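Notes follow the structure.
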Amino acid sequence: MGEKILIAGNDAIAEAGIRAGCRSYFGYPITPQNELLEYMSAHMPKAGGAFVQAESEIGAIYMCYGASAAGGRTMTSSSSPGISLKLEGISYLAGCDLPCVIVNVARGGPGLGNIAPAQGDYFQATKGGGHGDYRMVVLAPATIPEATELTMLAFDLADKYWTPVLVLVDGVLGQMMEPVEFCEPVDPTTLPLKPWALTGAQGRPRNIVTSFFLDPHELSEINLKRQDRYRRIEAQEVRYEEFETGDATIVIAAYGTVARIAKTTVKLARNEGIKLGLLRPITLWPFPYAPFRALSNRVKTILTVEMSAGQMVEDVRLAVAERAETPFYGELGGIVPTPRGILREVRKYVSYDAENGQSF
Amino acid sequence: MSVMTPKMVKVFERPRSLADIEFTYCPGCHHGLITRIIAQVIDELGIQERTVVVGPVGCSVFVYQWFRCDGIQSAHGRACAVATGIKRVNPDLIVFTYQGDGDLAAIGTAESIHAANRGENITVIFINNQIYGMTGGQMAPTTLIGQWATSCPEGRDAGLAGYPIRFAEIVAQLDAPVYVTRQSLYDQKRIRATSRAIKKAFQYQVEGKGYSLVEILANCPTSWHMKPVESNRWIADEVVKVFPLGDLVDRG
């Protein structure tokens, strides 16, 4: 750990990538992630790595595909419409079991939408997006220090499971500044070699990286092996934070920027006697179904709050079933909910016991 | 009377870099010939152990199977971006793409032009047979005016579908490429010229000179509904009028 510096989210994520041993970055300008690309253009060459401003997001993701196949830690970043363009390549990365870190600094949609923060890309991130039976680890930090830690973790998970990993933030986290103490950098030469990497068929049989298998039995077998890997990820890599849930009767489900705002709501609510807690998924896939299931047995309400029309709430409802009520509160179009705005929603589900002056 | 032992000299053999796997191409198709020429060049330059093949989507989708080299499949059109990623991470590798006209000059136009414009130190082998062979003979960006294809049943109409795109000429007007050439295979002389062009393109990459494009006018007897001999004659008589042969750029 070094000194604490004040740094913007986009810059911090880029720096974390370089510190994780990433030595190639390929990107295309799109707001609100431009600073990430710009940081890489200045610092990646200094670290001895490759930087290319690609002709498009599609070009960038396939440069990552090639760079990953050649054995290096590689990264790209974009914002919502650009991630839509990358989805073909993400499917190919998954289909070839290639590690890659992709950052989505999400904005308002659909279509061109706007450049304000939003969480409308949850489905795209967690339910496939691209074609075929694949999954992608999705990490959703709520602060900039956490974004740096999770970016470094993203590279480890990508290499451990040979899979693309998405770091999902939004315009707020991309643009705001916070003090960050970075982890010590990883020396890429110390990372384990990848046996399948395209390094030249010297003293070994050739390596072929492909997702093309005409024989249905062969493709089925390869897909099933990948599904086994996904089951391992689900068993081992679920991450979440519980905040003030111990005695809670009502719990907010929120991730990223909204979870950060909701923490303030929890404090405000507790000041007026409402036993409010927060369950914050850190991995959106694998989703923390079990913690939500456990909570649903002892709380009355789980209120999902998102900057979307209601996407993660589907996973919350899947976990909770009918054991608790699962209302939803969302803001759209780049509107960011406020702590008091969320509190107003919370109050709708709180009953007051006038005799004892308690709420439950 | 002394007995003379005739000395056997091997004058022809399978290139070492060509894998012993049957091609999936139709009889009379030029793809197999081009694959063999590339393998021969890889042997002659002694680069088999550091060459990476980037495959396309189309008839040559299995191209990486036929070389005793590392290989990677690319999505349709993206081969030049994939090659860029590989080469930037490991510049010691010799990276070439093998792409058809639909792959390189339609769906992959952006990736193909920008890799050329950045002067990526890669070799692009561009197979221009004016047709989408694998999907059953649809119109390509290079299909000749009036030429029949399954998606232009009245023949290509310039008013509806524009004109055959001359990709080598487009790339040749960029500043970065070191070698841009168009070759064909319709007779022995052209085959030898194509072999020399492919060797030069790889040689330039080995020497670190930069981007090369070798466009090859190839046939498709199946989708053209011609016998192989007829298809060669068609290239010699008609195709070369639209796609003139020869070097467009040689800055080596």
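The values are calculated or read from the model by the stated rules, or taken from the named source; none is laboratory data. These numbers come from a predicted model, not from an experiment. Here the Cβ positions follow ideal geometry from the backbone for every residue, glycine too, while neighbour counts run over all protein chains shown. Accessible surface areas use protein heavy atoms only, side chains included; no ligands, DNA or RNA. Shrake-Rupley method; radii C 1.70, N 1.55, O 1.52, S 1.80 Å.
Rounded, prolate or oblate, given the Cα gyration tensor of the stretch B:123-236, with a/c below 1.5 counting as rounded? The partial results should precede the final answer.
Working: a/c = 2.70, a/b = 1.58, b/c = 1.71.
Oblate.
Quick one: net charge of A:Glu184's neighbours, Cβ under 15 Å, K/R +1, D/E -1?
Details: positive: A:Lys4, A:Arg19; negative: A:Glu3, A:Glu15, A:Glu149, A:Asp156, A:Glu181, A:Asp187.
For residues surrounding A:Glu184, the net value is -4.
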Under a 1.4 Å probe, counting only protein heavy atoms, A:His131 has an accessible area in Å², nearest 10, of 110 Å²
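Mean Kyte-Doolittle of at least -0.5 plus a Cα span of 20 Å or more along the axis: flag which DSSP H helices in chain B meet both, please.
Span-like helices, by this rule, are B:31-45.
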Bins of 5 Å, beginning at zero and ending with the bin holding the largest distance: percent of Cα pairs per bin for chain B, please.
1, 6, 14, 18, 20, 16, 11, 6, 3, 1, 1, 1, 1, 0, 0, 0
Dipole of chain A (Lys/Arg Cβ +1, Asp/Glu Cβ -1, origin at the Cα centre): which of A:Ile61, A:Pro291, A:Thr210 lies farthest to the positive side?
A:Pro291
If you roll a 1.4 angstrom probe over the protein chains with everything in place, what fraction of the accessible area of the stretch B:31-250 belongs to carbon and sulfur, to the nearest %?
52 percent
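Working with all protein chains in place, sort A:Tyr28, A:Tyr65 by solvent-accessible area computed with a 1.4 Å probe, largest first. Kindly include the intermediate steps, with their values, before the conclusion.
Working: A:Tyr28 80, A:Tyr65 0 Å².
Descending order: A:Tyr28, A:Tyr65.
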Expected unfolding gain across B:Arg251-B:Ala236 under the 0.36 nm per residue rule, minus the alpha-carbon gap, is 2.6 nm
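If DNA, RNA and ligands are ignored and the probe is 1.4 Å, what is the ranking of B:Lys199, A:Lys267, B:Lys227 by accessible area, most exposed first? Display every interim value, and only then the final one.
Values: B:Lys199 70, A:Lys267 120, B:Lys227 140 Å².
Result, largest first: B:Lys227, A:Lys267, B:Lys199.
Helix-only estimate, please: 222 nm mean residue ellipticity of chain A, summing -39500 (n - 2.57) across DSSP H runs of length 4 or more and dividing by its residues, to the nearest 500. All intermediate terms of the calculation are to be shown ahead of the outcome.
Working: 12 runs with 141 residues, N = 360.
That comes out to -12000 deg cm²/dmol.
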Quick calc, chain A, dipole around Cα centre from Cβ unit charges on Lys, Arg (+) and Asp, Glu (-), nearest 20 debye, gives 340 debye
Accessible surface of A:Leu318 in the full protein assembly, 1.4 angstrom probe, to the nearest 10 Å²?
120 Å²
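Which of the pairs A:Lys194/B:Lys87; A:Lys46/B:Lys209; A:Lys86/B:Lys200; A:Lys46/B:Lys200 have their Cα atoms more than 27 Å apart in this structure?
Details: A:Lys194/B:Lys87 17 Å; A:Lys46/B:Lys209 24 Å; A:Lys86/B:Lys200 35 Å; A:Lys46/B:Lys200 34 Å.
In this structure, A:Lys86/B:Lys200; A:Lys46/B:Lys200 lie more than 27 Å apart at Cα.
Could you order B:Trp66, B:Trp148, A:Trp196 so the one with the most accessible surface comes first? Probe is 1.4 Å. Could the numbers behind the result be given before it?
Working: B:Trp66 5, B:Trp148 115, A:Trp196 45 Å².
So the residues, ranked largest to smallest area, are B:Trp148, A:Trp196, B:Trp66.
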Counting alpha carbon pairs within less than 8 Å and at least 6 residues apart, what relative contact order, in whole percent, applies to chain A?
18 percent
Label-to-label distance, nm, for residues given as B:Val229 and A:Asn114 (7 Å Cα→Cβ offset)
7.2 nm
Cα-centred dipole magnitude for the stretch B:36-191, charges only on beta-carbon of K, R (+1) and D, E (-1), debye, nearest 20
80 debye
Helix A:216-236: angle to the longest alpha-carbon principal axis of chain A, degrees 0 to 90, nearest 10?
50 degrees
Counting only protein heavy atoms and using a 1.4 Å probe, what share of the accessible area of the stretch A:4-236 belongs to carbon plus sulfur, as a whole percent?
57 percent
Would you check the accessible area of B:Val89, probe 1.4 Å, heavy atoms only, in square angstrom rounded to 10?
50 Å²
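How charged is the neighbourhood of B:Lys200? Take every other residue with its Cβ under 15 Å from the Cβ of B:Lys200, and add Lys/Arg as +1 and Asp/Glu as -1.
So the surrounding residues net to +1.
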For the stretch B:1-84, state what percent of all Cα-Cα pairs lands in each successive 5 Å bin, counting from 0 Å until the bin that includes the largest distance.
3, 13, 20, 21, 16, 9, 4, 4, 3, 3, 2, 1, 1, 0
Separation of the A:Arg204 and B:Ser151 label points, Cα + 7 Å toward Cβ, nm
4.0 nm
Counting only C-alpha contacts under 8 Å and six or more residues apart, can you give the relative contact order of chain B as a whole percent?
18 percent
What's the angle, to the nearest 10 degrees (0 to 90), between helix A:256-271's Cα axis and the longest principal axis of chain A?
20 degrees
Roughly how many nanometres apart are two label points built 7 Å out from the Cα toward the Cβ at A:Arg340 and A:Ala290?
4.1 nm
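What's the buried accessible area, both sides, between B and A using a 1.4 Å probe, rounded to 100 Å²?
Details: alone 11900 and 15320 Å², together 24630 Å².
Using a 1.4 Å probe, the pair buries roughly 2600 Å².
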Would you work out if the protein assembly as shown is rounded, prolate or oblate? Take a ≥ b ≥ c from the square roots of the eigenvalues of the alpha-carbon gyration tensor; rounded if a/c is under 1.5, else prolate when a/b is larger than b/c, oblate otherwise.
prolate
Want the number for A:Ala321 to A:Phe212: 0.36 nm per residue separation, take away the alpha-carbon distance, what's left?
35.3 nm
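Classify the stretch A:240-359 from the C-alpha gyration tensor, please: rounded if a/c falls under 1.5, else prolate or oblate depending on whether a/b exceeds b/c.
On the way: a/c = 1.70, a/b = 1.23, b/c = 1.38.
Oblate shape, in that a/c is at least 1.5 and b/c is the bigger or equal ratio.
Taking the Cα centre of the stretch A:240-359 as origin, work out the dipole magnitude from +1 charges on Lys and Arg Cβ and -1 charges on Asp and Glu Cβ, in debye rounded to 20. Show your work: numbers first, answer last.
On the way: 15 positive and 14 negative charges, 35 e Å.
Here the stretch A:240-359 has a charge dipole of around 160 debye.
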Given a Förster distance of 30 angstrom, what is the FRET efficiency for A:Asn297 paired with A:Arg347, based on the Cβ-Cβ distance and rounded to 0.05?
0.80
Over the Cα atoms of the stretch A:4-236, each weighted equally, I'd like the Debye log10 I(q)/I(0) at q = 0.08 Å⁻¹, rounded to two decimals.
-0.27
Which whole-number value in Å² is the accessible area per residue of chain B, probe 1.4 Å?
42 Å²
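Tally Lys and Arg at +1 and Asp and Glu at -1 over the other residues with C-beta under 12 Å from the C-beta of A:Ala201: what net charge comes out? The partial results should precede the final answer.
Values: positive: A:Arg204, A:Arg206, B:Arg16, B:Arg50, B:Arg68; negative: B:Glu49, B:Asp70.
For residues surrounding A:Ala201, the net value is +3.
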Given chain A, longest segment not containing exposed loop GluC sites (Glu not before Pro) (DSSP; at most 12 other Cβ within 10 Å):
A:4-271
